[in-house]
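Colleague: This is the structure, below, for whatever I ask next.
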Amino acid sequence: MTEQSGSGGRIRPTGKRRKKPSRRRRATVIAVWTLAGVVVVGGGGLGYAYLKLNGNLKAVDINAALGKDRPDNVDNGSEDILVLGSDSRSGANSAYGADEGSARSDTAMIVHLNKGHKTASVVSIPRDTLVTRPDCTGDTSGKTVAGEQRAMFNTAYEVGGPACAVKTVESMSGIRMDHYLEVDFTGFKKLIDELGGVEITTTEAIHDSKSHLDLEPGTHTLDGEQSLGLVRTRKSVGDGSDLGRIQLQQAFIKALMEQAKSVGVFSNPKTLFDLADTATKAITTDSDLGSVKQLTGFANGLKGLASKNVHMVTLPVQYDPADPNRVVPLEESAQQVWTALKQDRAIPASATEKSAGDKGVAGRVVR
């Protein structure tokens, strides 16, 4: 759900998150599995619908790929999910750039659902974060991909797929991921269009040739293409940083979640089915969520999660002294974040106050 990765764009300080927008529609990233599951519950009982939706789902067996060399599976009632936005340029996604033979995961979020699933913390990982990527076994090839020092975070998915992305996150954080969820460009657009668009207000003009988005200040109802453009925008907002784009993505997700209760689809069985059909085609999950029954059970546990109870931050980072186009984690601050998630408590404000990702204005462009 983000623009094509490259080595050119310099990362510069960016803005604090703006407060959530409001209005009428929602669905994607954190909420996309809720849509898929809850919509099925609402339509319940139709054998054809169940089989059709079940056939749409794609799943990856993360557990088999990673084996036992993983952090402990702590059973304290909380859950951790790695959410990725895939930017493969093949097939329907080719409009967003040349197909270079592999997909990237330029949007990455760790979603921590606290015990009871009434509150959540979301940690965005900048794509250009330099990390120690561990040896990985590719999902489909079965071949071992050698690890690398000072590798960009988003190369994990590129070289080893979802399993390598999960292993890299677990290596960074020391936290076992309970689930995996992936959404691609085309799926994102179709979800927004199926929901009738999303209304936002921009406080500044956005004219971005890379994301093909042109908006004047004011209130707009964005269709799927425009929504995708918004979450891919960075060059024309604030000081043009990738960290700023993360702020826009977080703002947009909060807006979609806020709009969850007013979608108004449950009175129309056809709308219910169409929405579920679109949602289940849009995502790839881990095998533990790879059926309608499993996804529905998980989604039911999220019904009490309101956007006001979702705290979104960016992994604390600083600019790499050796390469200002890259960032590296602020180890002490990052450890505060990981410790908070492990202990199932809120991320303290002190964890992000020194971060380069908490310094700009991009997050205040949309409200």
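Colleague: Roll a 1.4 Å probe over the protein chains and send me the accessible area per residue for segment 101-190 in Å².
Modeller: Roughly 32 Å² per residue, with all protein chains present.
Colleague: Relative to the Cα centre, what is the charge dipole magnitude of segment 304-359, using +1 at the beta carbon of each Lys and Arg, -1 at the beta carbon of each Asp and Glu, and rounding to the nearest 20 debye?
Modeller: 240
Colleague: Could I ask something else about it? Distances longer than 15 Å among the Cα atoms of segment 135-218: what percent of all pairs is that?
Modeller: 72
Colleague: Continuing with this model, one more query. Rounded to two decimal places and with Rh computed the Kirkwood way over Cα pairs, what is Rg over Rh for segment 112-256?
Modeller: In segment 112-256, Rg relative to Rh is 1.02.
Colleague: Mind listing the long-range amide H neighbours of Ala59? Cut-off is under 5 Å, sequence gap 5 or more, other chains count too, H placed in the peptide plane at 1.01 Å from N.
Modeller: Thr285
Colleague: Quote to one decimal, in nm, the extra length available between Lys115 and Thr203 on full extension: 0.36 nm per residue of separation minus the C-alpha distance between them.
Modeller: Roughly 28.0 nm would be gained on extension.
Colleague: Using amide H atoms built 1.01 Å from N in the peptide plane, name the residues 5+ places from Thr314, or on other chains, whose amide H lies under 5 Å from its own.
Modeller: Ser124
The values are calculated or read from the model by the stated rules, or taken from the named source; none is laboratory data. Bear in mind the structure is a predicted one, so any value in this text is a computation, not a measurement. Positions of Cβ are generated from backbone atoms using ideal geometry, with glycine treated the same way; all protein chains shown enter the neighbour counts. Accessible surface is based on the protein model in full, side chains and every heavy atom, while ligands, DNA and RNA are left aside. Shrake-Rupley method; radii C 1.70, N 1.55, O 1.52, S 1.80 Å.
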